[in-house]
Amino acid sequence: MTESQCSVPGCGNVRTSRLSTPQKFHVFPSNPVLCREWLEAIENSRFDPKVTTVLMTRIHGLRVCSDHFRHQDYIGGQRNYYAALKRGAVPSLFPWTEPESETVPTTSLSQQQVTVSWL
Ligand SMILES: [Zn+2]
């Protein structure tokens with residue numbers, strides 16, 4: 001498998017090769033507590049966060065793309081391909097949430113563009 005898709009419902013970002021997509025794809029954390037937080041956050045109905053032991057095997061290979069992390073979730077405070085997630089970071093930006101937690105000032109126009117790109 002050289003291809004992987006973001007597991008957030010409604011996202012649809014697919015990693016086709018290492019450098020052809022602007023998003024970074026994060027594998028689920030090995031820490032079961034944090035892993036469960038990710039699962040609860042992404043609200044993917046395919047996975048039940050309560051059944052952690054089953055999940056630990058089923059989620060192998062699943063990824064969440066960098067569109068769902070805030071800049072401040074990354075070491076150095078910048079979201080880019082080479083940035084690493086801070087320990088304990090949980091995805092929090094989704095198609096169904098408002099992008100209000102971003103620290104970058106947004107105009108109504110740029111907010112509109114963000115919404116469109118998510119759809
Ligand atoms: Zn995604």
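Quick notes on this one:
- Each Lys or Arg adds one and each Asp or Glu takes one away; over the other residues whose Cβ falls under 9 Å from the Cβ of Asp73, this sums to +3.
- Around Ala83: net Lys/Arg minus Asp/Glu count, Cβ-Cβ under 14 Å: +3
Any read-out appearing in this document is the output of simple, stated calculations on the displayed coordinates, not a laboratory observation. If you're wondering where the values come from, they're calculated on a predicted model, not measured in any experiment. Glycine also receives a Cβ, built like all others from the backbone with ideal geometry; neighbour counts cover every protein chain displayed.
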